[in-house]
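Q: The following block contains the structure, expressed as structure tokens.
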């Protein structure tokens, strides 16, 4: 579980606690139960609900990576444009996004980038582009890794 998921959980818990605080008088419980107890129970229930929601929907919380279908593409010609790279990869499946890395003050291309495919099967099919020629350069195509995996 990463810090983003913990923050989401705390925010959801606080929101549910506040909602409980304002709904309790409508239920007639405000005279019989101390407010501090209601807020504490609201925070506890809120955190449990947010943890359940994160567990069901936040794949990046569990796997550490939201980019399961992203390919690293190296040795890209410096004059290549994102639309050209996208067209090349579309022959192997649906492309969600292409990002060519640029650097320095001049924002010149660095010769590598990342292609996000729509499905895992599309990504695996696009691995066939490894060692193929693209505008006179032999591409290097691999599954992208998180920076911390180095």
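Q: Kindly indicate whether any position in segment 68-76 is in a helix (DSSP H, G or I) and either within 30 Å of residue 138 (Cβ to Cβ) or at pLDDT below 70 (or both). I'd like the intermediate steps shown before the answer.
A: Taking segment 68-76 as the starting set, the residues that turn out to be in a helix (DSSP H, G or I) are none.
Within segment 68-76 (the criterion being in a helix (DSSP H, G or I) and either within 30 Å of residue 138 (Cβ to Cβ) or at pLDDT below 70 (or both)), the answer is no, since none of the residues qualifies.
Q: Continuing with the same structure: Answer with yes or no whether residue 44 is surrounded by 14 or more Cβ atoms within 10 Å (Cβ to Cβ) and either at pLDDT below 90 or within 30 Å of residue 126 (Cα to Cα) (or both).
A: On the way: surrounded by 14 or more Cβ atoms within 10 Å (Cβ to Cβ): no; either at pLDDT below 90 or within 30 Å of residue 126 (Cα to Cα) (or both): yes.
Against the criterion (surrounded by 14 or more Cβ atoms within 10 Å (Cβ to Cβ) and either at pLDDT below 90 or within 30 Å of residue 126 (Cα to Cα) (or both)), residue 44 does not qualify.
Q: Please determine whether any residue of segment 124-142 is exposed (fewer than 13 other Cβ atoms within 10 Å of the Cβ), out of contact with any helix residue (DSSP H, G or I) (no Cβ under 6 Å at 6 or more places or on another chain) and closer than 9 Å to residue 73 by Cα.
A: yes
The values are calculated or read from the model by the stated rules, or taken from the named source; none is laboratory data. Keep in mind that what you see is a predicted model, and the values were worked out from it rather than measured. Neighbour counts are summed over all protein chains in view; Cβ atoms, including those assigned to glycine, are modelled from backbone coordinates with ideal geometry.
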